[in-house]
Amino acid sequence: MLKAVLSRLASLVAVMFAVSVLVFAMGSLIPGDMTSVIVGQEGATDEQFAKVRRDLGLDQPLPVQYVRWLGQAVQGDLGKSPITGRQVSDDLVSQIPVSLELAILCLLLSTLIGMPAGIVAAVHANRRLDVGIRTLLLIIFSVPTFVIGILVLLLGSHLAPQLFQVAFTPWSQDPMLHLRSMAMPLLTITFPMAAMTMQMTRSAMIEVLSEPFIVTARAVGVRNERIQYLHALRNALPPIVTFIGFQFGVMLGGLIVVEQIFSLPGLGRGMLEAILTRDYPMVTATTLVFAGAFVFINAVIDLLYPVLDPRQRPR
């Protein structure tokens, strides 16, 4: 197990290094740089541009810029935003908890909805109950997220204002108002994710339920409930957990729409504002956070495989 953990950590470092190179290189290909943001376009002289570029180190070759930036990033210094004047790391510290809380709550709630629905659909495969469950959740999944968000915002704020809070409230100010302000964003992304979890659970369960050991268990008189919720579900868990972990990583990057609709001060909204204002240090740092979260979650899922499937444990 220790060898597997060290191997995953080495892979994590290698992937993050490759991602950092790619992100930095793509940022350098964008027309313009921080100089045009700091100095401005109108009335600026070539001497002013040259001085700012020299102060920022942008007159150095690209490999030199990358090595300097990477050295600072490893020490926790992700640069200063030319737009806000604040340290990028300070903004990330305030944004990450909002997005992480929303993603974790969505993951838990969508799993609690999607997995039982998928199990029931698999047990009653191709029957009316199965068709009804799939139809309902897939209809929800087919509606774009921004449409669901707008509908939830309109209906929640007008029909149940006592349950939902439109303006974001930090937990430190008022825990109850905080939960109310997170309720509508949570509903917006939970049901589409639950639909995908249901479909994956159903497919994995149907495949396992047709395995010879399930047929044998039924033949010797094992109760259906024990077969379905113990033997079949245990063997169907690895692909389901892998899918859920993958969805968690993707969801962190897909919170941009939800956070923008509900004005949540999270990573998604922060990245969108950084792109619109050409805040290159913030865009680069947020991209690294998203990539790091995705790689880390997948590494954790890989380490969980031997726990979920004894056949993959080292001998």
Query raised in the report: Can you tell me how many residues in the range 260-273 are touching a residue at least 24 places away in the same chain (Cβ under 8 Å) and either over 18 Å from the mean Cα position of the chain (by Cα) or surrounded by fewer than 20 Cβ atoms within 10 Å (Cβ to Cβ) (or both)?
Result: 3
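Could you check the range 199-227 and list, in sequence order, the residues that are assigned to a helix (DSSP H, G or I) and of a type in the set (A, V, I, L, M, F, W, C)? Please lay out each step first, then the result.
Taking the range 199-227 and keeping what is assigned to a helix (DSSP H, G or I), we get 199-209, 212-219, 224-227.
Once the filter is applied, which keeps residues that are assigned to a helix (DSSP H, G or I) and of a type in the set (A, V, I, L, M, F, W, C), the range 199-227 yields Met200, Ala204, Met205, Ile206, Val208, Leu209, Phe213, Ile214, Val215, Ala217, Ala219, Ile227.
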Requested in this report: Scan the range 87-111 residue by residue and report those that are crowded, with 20+ Cβ neighbours inside 10 Å and out of contact with any helix residue (DSSP H, G or I) (no Cβ under 7 Å at 6 or more places or on another chain).
Outcome: Val98
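When you look at Ala236, is it over 20 Å from the mean Cα position of the chain (by Cα), open to solvent by less than 60 Å² (accessible area, probe 1.4 Å), over 30 Å from Gln65 (Cβ atoms) and without any contact (Cβ under 8 Å) to a residue 60 or more places away in the chain, yes or no? Spell out the reasoning first.
On the way: over 20 Å from the mean Cα position of the chain (by Cα): yes; open to solvent by less than 60 Å² (accessible area, probe 1.4 Å): yes; over 30 Å from Gln65 (Cβ atoms): yes; without any contact (Cβ under 8 Å) to a residue 60 or more places away in the chain: yes.
It is true that Ala236 is over 20 Å from the mean Cα position of the chain (by Cα), open to solvent by less than 60 Å² (accessible area, probe 1.4 Å), over 30 Å from Gln65 (Cβ atoms) and without any contact (Cβ under 8 Å) to a residue 60 or more places away in the chain.
From the list Leu230, Leu153, Leu252, Leu186, pick out the single residue that is open to solvent by less than 60 Å² (accessible area, probe 1.4 Å), farther than 29 Å from Phe290 by Cβ and part of a helix (DSSP H, G or I). Show your work before the answer.
Values: Leu153 fails: farther than 29 Å from Phe290 by Cβ; Leu252 fails: farther than 29 Å from Phe290 by Cβ; Leu186 fails: farther than 29 Å from Phe290 by Cβ.
Selected residue: Leu230, the only one of Leu230, Leu153, Leu252, Leu186 that is open to solvent by less than 60 Å² (accessible area, probe 1.4 Å), farther than 29 Å from Phe290 by Cβ and part of a helix (DSSP H, G or I).
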Query - Residue under evaluation Glu225, criteria (1) open to solvent by less than 20 Å² (accessible area, probe 1.4 Å); (2) closer than 25 Å to Val120 by Cβ, criterion not met - result: (1)
Report summary line: From the option list Gly57, Gly40, Gly32, single residue qualifying as at positive phi, modelled with pLDDT of 70 or more and open to solvent by less than 90 Å² (accessible area, probe 1.4 Å) is Gly57
Query - Which listed residue is aliphatic (A, V, I, L, M), open to solvent by 50 Å² or more (accessible area, probe 1.4 Å) and touching a Ser or Thr at 6+ places or on another chain (Cβ under 9 Å), from Val220, Val257 - result: Val257
Requested in this report: Could you run through the range 112-132 and say how many residues are crowded, with 20+ Cβ neighbours inside 10 Å and not small (Gly, Ala, Ser)?
Outcome: 3
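The values are calculated or read from the model by the stated rules, or taken from the named source; none is laboratory data. Note that the structure is predicted; figures quoted are calculated from it, not measured. Don't worry about glycine lacking a Cβ; one is built from the backbone with ideal geometry, like all the others, and counts go over all protein chains shown. These area figures cover heavy atoms from the full protein model, side chains too; ligands, DNA and RNA do not enter into them. Shrake-Rupley method; radii C 1.70, N 1.55, O 1.52, S 1.80 Å.
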